Amino acid sequence: MDTRLKSPFMSGARYVIDECFAERLLAEALSRGGDYADLFFEYAISGGFGFEDGILRSSSRSVSLGLGVRVMKGDATGYAYTEELDERAMFETARIAAQIASDGGNTPPINLAEATYEARYDVRTPTLALPGEEKRELLRRADERARQLDPRVKKVSVSLAEELRELVIATSDGIFARDRQPLVRFGVHVIVEEGNKRQSGNSGGGGRFGLEYFDEHSPESHAEEAVRHALAMLDAREAPAGNFEVVLAAGDSGILLHEAVGHGLEADFNRKKTSHYSGKIGEKVASELCTVVDDASIPGSRGSINIDDEGRVPTRATLIEGGKLAGYMQDRHSAAHFGVASTGNARREDFRSAPMPRMTNTYLMPGQSDPDEIVSSVKYGIFAKKFGGGQVDIGNGDFVFNITEGYLIEDGKITAPLKGVNLIGNGPEVMKEVVMLGNDFAASDGVWTCGKDGQSVPVGVGCPTVKIRSITVGGTAL
Amino acid sequence: MSELENELIERASRAVEQARSKGAEVAEAVASRSKHLSASVRMGEPEHLEEAGSRGLGLRVMSGKKTGLVHTSDLSDEGIALLVDDALELMRLGEDDPYAGPADPELVGDGSNYLDLDLYDSKIDSIDGEAAFKAALAGEEAARSVDPRIENSDGATFTRVSGARALVLSDGRAFSSLGSFASLVVRPIALDEGDKRRRGFYHTAARHLSDLEAPEAVGREAARRTIANLGAEKIPSGELPIVFDPDVARSMIGLVVGVLLGGSVYRGQSFLADRLGETIADSRLHLVDDPLVIRGHASRLYDGEGLRSRANTIIRDGVLESFLLDSYSARRLGMESTASASRGGSGGLAASSTNVLVRPGEMSLDELLRDTHEGLYVTQMMGFGFNSVTGDFSRGASGFRIDNGELGRPVSEITISLNLNELLNRIDAIANNVDRRSSILTPSFRVASMTVAGS
């Protein structure tokens, strides 16, 4: 394999990190009396290719290497990181993080043993190890397909982002774990023109895969989808404003769950009682049709992880079961507060940030209804097919999400395309308005990135066709 | 020049030399180093203390019309050797881009400090963890003591950051700068009916410590904003005049400036791409991009390609006068660079705005509100509902009703929508309450009517 993809942390490499060294560094981190400490070594290589106007216009690569040290004392955290992995710099970093504690207590002996787990992704041939020409060819195929599909296609841009992240995690409660996380994301964006009308369309996907991702999702299929989307929107009319029945298509609509439910169920907000779901375990927070889980074990999914960023193997967290609030997504600190086990949802953007409870793959489980019957049950409403992004205020539950491809439903039939529009609602209120769930569950093709406190992590979403009895549609037509 | 700047120039120069000796015709490197400290408190107790230093090296190489772009935080000899090899490999993979190339050397400046922008406060690094906690505690305490309904808190955070960066071009010309920044944000929470928690926040941010508002004032203002949201409810759908608070006016202006950047324009991702020289907004709207504001948040003496900074009028009395261009987008559009290149820490170049100044009007915010019989004063927006190709805009919003010229009941869970082409022409009043806490310096303004979707 390419030298730059070789582990810098394994024996014989540049920065050997073994249990013995980690034990010494953890001891230093706890030397001022911290209750808990962890180390997060990261070596991440990422690459990006941009194809525009028929040529590979940009190629970039970035290397990020460092160590983050966290020390906890009660509810307080000390955090420090370094990009210099020499022994002096690493011990100095541990001493800085240690300062959050000041009673200089005795450090109990730390005994680390390497953890094993079942792999959820294959890292034998990460895309970064393959010649650039192969990847350039994938971009070209999508570009050519998009151009030949329709003369109204005026601009095509295709991108490929790839990443390989190598982690060594050690905690003062005995965990020593390594992981390698591949990630690839492909995207096609087109602009079409007809007369004086212009519209854009896009398609994207990926996950924790190598180039085998493209065996099932060809570059051409993404080009076709982007062009279809853009052309469909050329005739878009003003969307209505007000409260309507809305049908969400299976798959990416899961972003609604992510916003309406997911963030509010991250345990840190509930430990601090700043979420509107605080103290509501066992209570009805959604229609009884709804069961929502967060599952990091989906093979190859963008949000999947073998271990979380505290070194624990995530379990499938049931958040809502039959409409009742079942539990939160936990990291170590919040789990201790609630007296439960961590669900392995501690994640961080990189070694520069402390971990916090985050979503992985958040799914609304399927129901019994035929998706066609769901659409035909709507007299007048909106069919939401593709989405931009969303946001939530976890304190009061208000959320928005943006539809980039939507249609009117009139007398049970999908009719006119609508201009981009936002849906706005209140999480718990909207979840009680879920009146039909399809039997057609679909997971998003990996494109989503979730932001919290300035940290971005890749996530997956998924859901069946969903009918919501009433939600506010932010159109312009009254 | 500081020792740190000299060190960074030296580091960047070495990378340029290595890349040139390995066959790159053009090599440009940017080296940076910064340190920061951040202290958060919550409910009167320390919650998080973070202290670290960051560094990086970004390199852009070209040969003929091919480009490669790389960045690393691994500054060991081995790390830098890999960086240079990667850059050349990516460059060879590239394809001829007729517009590629460095800036015209005739236009590039000499790197001299021709003006003191006063972007660095040497006192900032003296704030240690204890002092930072003290400021954060004072801010949170002030917020929590305002009103018993503030029963929870997302805490308060004091942050300071300082650092330097240096750009070295192929011919050895070097450009460096030193900067600092500090901020305090306070985030109280008040409990409302229906178990809803109302968040509000307020922050102060400046390049110099002496320009920060006092922690107590920040806390009190955060509390005032939080309490004001209690009892927020939907309003019926309809067409209403909308007054934007500076906090949200900033994001509206940001959307407009975003579609006037070279990259958006040549990619066809701008609904204003074909409108240069035309009236695109009400004549009250006048926007200037000015990189030379003393102590400005986004000020700089040179752009990312080494061109001397200058103020550019973007919209003159409602007429679209100029895009913001780097030399690449300028070549693509057959225009001249406006010295708006921004080179990110990772070495990539794109046109960007610096300090955007919206010309204030005569009225105070109170006068503007009094001039609005019935309407909506928007203080927060949510979501991403903007299509830059068509200008269609729809976002979640919250704020206050305006009844008979006065602020009334709080409003939430609604959307406001209107195509930006229309919106810019419907601006019918601009106030004089310019908010200087970010790089977009805008007062409140009013849009004669937008569609509100509510109950």
Exercise. When you scan segment A:241-290, how many residues do you find that are part of a loop (DSSP other than H, G, I, E, B) and farther than 26 Å from A:Arg332 by Cα?
Worked result: 10
Seminar exercise, completed: B:Ala182: passes all of (1) surrounded by 16 or more Cβ atoms within 10 Å (Cβ to Cβ); (2) in contact with a helix residue (DSSP H, G or I) (Cβ under 9 Å, 6 or more places away or on another chain); (3) assigned to a helix (DSSP H, G or I); (4) not hydroxyl-bearing (Ser, Thr, Tyr) but (3)
Seminar exercise, completed: Condition set more than 18 Å from B:Phe445 (Cβ to Cβ) and surrounded by fewer than 20 Cβ atoms within 10 Å (Cβ to Cβ), scope segment B:402-420, selection nearest to the other protein chains (Cβ to nearest Cβ): answer is B:Arg409
For this session: Please work out which residue is nearest to the other protein chains (Cβ to nearest Cβ), limiting yourself to segment B:33-72 and to residues that are among the acidic types (Asp, Glu) and touching a Ser or Thr at 6+ places or on another chain (Cβ under 6 Å).
Result: B:Glu50
Exercise. Which condition does B:Leu8 not pass, out of (1) closer than 20 Å to B:Met91 by Cβ; (2) hydrophobic (A, V, I, L, M, F, W, C); (3) more than 10 Å from chain A (Cβ to nearest Cβ), if it passes all the others?
Worked result: (1)
Seminar exercise, completed: Scanning segment A:70-81 for residues that are more than 7 Å from chain B (Cβ to nearest Cβ) and touching a Ser or Thr at 6+ places or on another chain (Cβ under 9 Å), the one farthest from A:Ala101 (Cα to Cα) turns out to be A:Arg70
Exercise. When segment B:351-393 is examined, which residues are found to be aromatic (Phe, Trp, Tyr) and either more than 14 Å from chain A (Cβ to nearest Cβ) or free of Cβ contacts under 8 Å to residues at least 12 places away in the same chain (or both)?
Worked result: B:Tyr377, B:Phe384
Exercise. Taking segment A:317-349 on its own, how many of its residues are β-branched (Val, Ile, Thr) and in contact with a Lys or Arg (Cβ under 6 Å, 6 or more places away or on another chain)?
Worked result: 0
For this session: Identify all residues within segment A:197-217 that are buried (at least 19 other Cβ atoms within 10 Å of the Cβ) and either among the β-branched types (Val, Ile, Thr) or within 14 Å of chain B (Cβ to nearest Cβ) (or both); write none if there are none.
Result: A:Arg198, A:Gln199, A:Ser200, A:Gly201, A:Asn202
Exercise. Mind checking whether some residue in segment A:277-295 is in the same structural domain as A:Tyr363 (by TED's automatic domain parsing), surrounded by 23 or more Cβ atoms within 10 Å (Cβ to Cβ), in contact (Cβ under 8 Å) with a residue 12 or more places away in the chain and out of contact with any Leu (no Cβ under 9 Å at 6 or more places or on another chain)?
Worked result: no
Seminar exercise, completed: For B:Ser153, the lone unmet condition from (1) among the polar types (S, T, N, Q); (2) touching a helix residue (DSSP H, G or I) at 6+ places or on another chain (Cβ under 9 Å); (3) under 22 Å from B:Gly53 (Cβ atoms) is (3)
Exercise. Identify, please: which residue in segment A:430-478 is out of contact with any Ser or Thr (no Cβ under 9 Å at 6 or more places or on another chain) and farther than 20 Å from A:Ala250 by Cβ and is, among those, surrounded by the fewest Cβ atoms within 10 Å (Cβ to Cβ)?
Worked result: A:Gly451
Problem set entry | Hits in segment B:223-239 (condition: away from every other protein chain (no Cβ under 14 Å) and either farther than 30 Å from B:Thr204 by Cα or buried (at least 21 other Cβ atoms within 10 Å of the Cβ) (or both)) | B:Ala223
For this session: Report, by residue number, each residue of segment A:303-327 that is farther than 22 Å from A:Ala94 by Cβ, in contact with a Ser or Thr (Cβ under 7 Å, 6 or more places away or on another chain) and surrounded by 23 or more Cβ atoms within 10 Å (Cβ to Cβ).
Result: A:Gly303, A:Ser304, A:Ile305, A:Pro314, A:Ala317, A:Ile320
Problem set entry | Residue list for segment A:179-196, restricted to those being surrounded by fewer than 20 Cβ atoms within 10 Å (Cβ to Cβ) and basic (Lys, Arg) | A:Arg180
For this session: Of the conditions (1) more than 23 Å from A:Val473 (Cβ to Cβ); (2) among the charged types (D, E, K, R); (3) touching a residue at least 12 places away in the same chain (Cβ under 8 Å), A:Glu216 clears all except one; give me its number.
Result: (3)
Seminar exercise, completed: Here the residues within segment A:266-310 that are closer than 26 Å to A:Asp252 by Cβ and within 14 Å of chain B (Cβ to nearest Cβ) are A:Glu266, A:Phe269, A:Ser275, A:His276, A:Tyr277, A:Val285
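Please work out if B:Asp118 is surrounded by fewer than 19 Cβ atoms within 10 Å (Cβ to Cβ) and either among the hydrophobic types (A, V, I, L, M, F, W, C) or within 12 Å of chain A (Cβ to nearest Cβ) (or both).
Here the answer is no, as B:Asp118 does not meet what is asked.
The values are calculated or read from the model by the stated rules, or taken from the named source; none is laboratory data. Quantities reported herein were computed from a predicted structural model and do not represent experimental measurements. Cβ coordinates were reconstructed from backbone atoms using ideal geometry, including for glycine residues, and neighbour counts include every protein chain displayed.
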